[in-house]
1. So, residue 152, is that one touching a strand residue (DSSP E or B) at 6+ places or on another chain (Cβ under 9 Å) and farther than 20 Å from residue 28 by Cα or not?
2. I want to confirm something. Restricting to the range 113-148 and keeping residues that are touching a helix residue (DSSP H, G or I) at 6+ places or on another chain (Cβ under 9 Å) and in a helix (DSSP H, G or I), which single residue is nearest to residue 45 (Cα to Cα)?
3. Could you tell me whether residue 197 is surrounded by 13 or more Cβ atoms within 10 Å (Cβ to Cβ), touching a helix residue (DSSP H, G or I) at 6+ places or on another chain (Cβ under 7 Å) and within 21 Å of residue 32 (Cβ to Cβ)?
4. Answer yes or no: is there a residue in the range 190-197 that is at positive phi and modelled with pLDDT of 95 or more.
5. Just give me the residues in the range 82-97 being in contact with a strand residue (DSSP E or B) (Cβ under 8 Å, 6 or more places away or on another chain), in a strand (DSSP E or B) and more than 13 Å from residue 49 (Cβ to Cβ), in sequence order.
6. Looking at (1) farther than 24 Å from residue 201 by Cβ; (2) in contact with a helix residue (DSSP H, G or I) (Cβ under 6 Å, 6 or more places away or on another chain), can you tell me which one residue 105 breaks?
7. Which of the residues that make up the range 177-198 are touching a residue at least 60 places away in the same chain (Cβ under 8 Å) and within 30 Å of residue 144 (Cβ to Cβ)?
8. Give me a count of the residues in the range 200-220 that are under 18 Å from residue 24 (Cβ atoms) and out of contact with any helix residue (DSSP H, G or I) (no Cβ under 6 Å at 6 or more places or on another chain).
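The values are calculated or read from the model by the stated rules, or taken from the named source; none is laboratory data. Keep in mind that this is a model prediction, so the values were computed, not measured. Positions of Cβ are backbone-derived with ideal geometry, glycine not excepted, and every protein chain shown enters the neighbour counts.
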């Protein structure tokens with residue numbers, strides 16, 4: 001998707017959103033807003049920042065950290081702590097919580113690091129195309145709906161906002177109704193072998209180095 005957008009931007013020699021959308025591709029600012037949305041809702045999937053259930057599931061063998069066997073500690077974590085975020089005095093503060101209760105946060109942090117690595121690969125594609133635009137992951141406290149951070153309004157940069165500031169700016173950071181309608185309008189069916197939706201670039205090669213128009217599915 002990003003590659004196709006870059007190709008059109010260079011063909012048209014413009015970063016004008018209206019012209020890029022008119023060409024039937026998704027502009028980079030809209031991609032950033034969708035990135036912000038999907039990243040933030042994924043943060044909530046890990047659960048509350050401090051959770052007694054997480055401790056219970058860990059102690060009963062139902063939950064573990066990423067690559068648990070490679071962790072250089074006693075794997076009991078009874079006397080260990082882990083940093084979590086809370087809002088105080090109008091800003092985000094880092095406090096220490098019992099590690100067992102903060103396992104969701106540890107897993108969230110590992111996911112954030114992995115996701116940022118993927119975004120950096122996307123940015124290398126953008127850089128290679130010569131487009132002065134950088135995609136970025138929002139702060140992990142942004143747009144949270146679960147846990148203590150759900151009560152706060154926090155910008156993608158990690159700044160605690162007033163309700164008025166959030167209302168004034170949130171459509172700069174999250175997909176609008178118009179964004180969703182535009183993206184939906186592009187979702188046409190393309191079933192011809194070797195053809196792709198206009199908003200997606202053709203792959204450099206097919207699966208298992210087959211030709212791009214290889215007949216992967218047969219109905220005989």
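1. Criteria met by residue 152.
2. Per the stated criteria, the residue is 115.
3. It is false that residue 197 is surrounded by 13 or more Cβ atoms within 10 Å (Cβ to Cβ), touching a helix residue (DSSP H, G or I) at 6+ places or on another chain (Cβ under 7 Å) and within 21 Å of residue 32 (Cβ to Cβ).
4. No, there is no match, as no residue in the range 190-197 is at positive phi and modelled with pLDDT of 95 or more.
5. Of the residues in the range 82-97, the ones in contact with a strand residue (DSSP E or B) (Cβ under 8 Å, 6 or more places away or on another chain) are 82-87, 90-97.
Filter once more, so that each one left must be in a strand (DSSP E or B): 82-87, 91-97.
Residue satisfying the conditions is 91 alone.
6. Status for residue 105: all satisfied but (2).
7. Step one: filter the range 177-198 for residues touching a residue at least 60 places away in the same chain (Cβ under 8 Å), giving 179, 182-183, 186, 198.
Matches in the range 177-198: 179, 182, 183, 186.
8. 1
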